[in-house]
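In what follows, a single structure is set out as structure tokens and then discussed.
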Amino acid sequence: MFHKLANTTARRLRRQRFSQARYEGAVDRLVAAYVDWREEFIAARDAYSRYDATRGQEHRHAFAAYFAALDREERAAAEYAACVEQVCALVSADGGLLVTARAGTGSAPALPRRPKERL
């Protein structure tokens, strides 16, 4: 009986460590995606400033550069959103990493609600 209990406890600890490592990796990717998105956002803003300041023949080239910067920023934003979704899924899976029992009540607090999608 003790051997079975020890094995069960060991499996739970390995699973918990695996979940924690998975969560930490997802948060690392989330932070990196946020930094990438912010860099692309700044690049798009700068490209727009250059486009807005150009006239004549260079105006078309500046617009193409701005459009390309917007496309990169959009892809970075989509990657960031995917990372946010992954972290949310990990947090809410199996009761979530953030859910702890309230002292003395035996019930867990409610999970934070996901924001509604904007159209």
Do we have Glu39 as within 10 Å of the chain's Cα centre (by Cα) and part of a helix (DSSP H, G or I) here?
no
_On the basis of being small (Gly, Ala, Ser) and open to solvent by less than 70 Å² (accessible area, probe 1.4 Å), does Ala43 make the cut?_
yes
Pairs returned, first residue in the stretch 69-95 that is surrounded by fewer than 16 Cβ atoms within 10 Å (Cβ to Cβ), second residue that is outside any helix (DSSP H, G or I), beta-carbon separation under 6 angstrom, 6 or more apart or interchain, are Ser92/Leu111
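The values are calculated or read from the model by the stated rules, or taken from the named source; none is laboratory data. Since we're looking at a predicted model, the values are computed, not measured. Cβ sites come from the backbone with ideal geometry, for glycine too, and all protein chains shown count toward neighbours. What goes into the accessible areas is simple: the full protein's heavy atoms, side chains included, and nothing from ligands, DNA or RNA. Shrake-Rupley method; radii C 1.70, N 1.55, O 1.52, S 1.80 Å.
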